[in-house]
């Protein structure tokens, strides 16, 4: 499959080594597991999640950095739309 071929290429090119399997093997829950102390997939798949406990390193988590980046991008995107007289309905 595509993922296995990419892993092989990254290893062959020296971008990663065999001890980096946790990095090059896709885990869709990885960021959430590291950001939230009480992460569990069924609970976090709900539209609204209650009783969330932040992990000790939450402020430095990849999930939180992604969240901040999305907020930054969305603000810039809508400002660029307004500047160019583009109307995007909510």
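FYI, it's all coordinate maths here, none of it is from the lab. This is a predicted model, so every value here is computed, not measured. Note that each Cβ is placed from the backbone with ideal geometry, even for glycine, and that neighbours are counted across all protein chains shown.
Counting only alpha carbon atoms, the long axis of helix 2-12 and the longest principal axis of the chain meet at about 60°. Counting every other Cβ atom within 10 Å of each residue's Cβ, 88, 24 order from fewest to most as 88, 24.
Working note: 222 nm ellipticity from helices only, DSSP H runs with n ≥ 4, each -39,500 (n - 2.57), summed and divided by the residues of the chain, gives -15000 deg cm²/dmol to the nearest 500. In terms of surrounding Cβ atoms within a 10 Å radius of their Cβ, 74, 65, 50 rank from fewest to most as 50, 74, 65. The stretch 63-87 and the stretch 6-42 have Cα centres lying 28 Å from one another.
For Rg/Rh (Cα atoms, Kirkwood Rh), which listed value, (1) 0.97; (2) 1.11; (3) 1.22, comes from the coordinates shown? This structure yields the entry labelled (2).
From Cα pairs below 8 angstrom and at least 6 apart in sequence, can you work out the relative contact order of the stretch 2-83, rounded to a whole percent?
Reported relative contact order: 21 percent.
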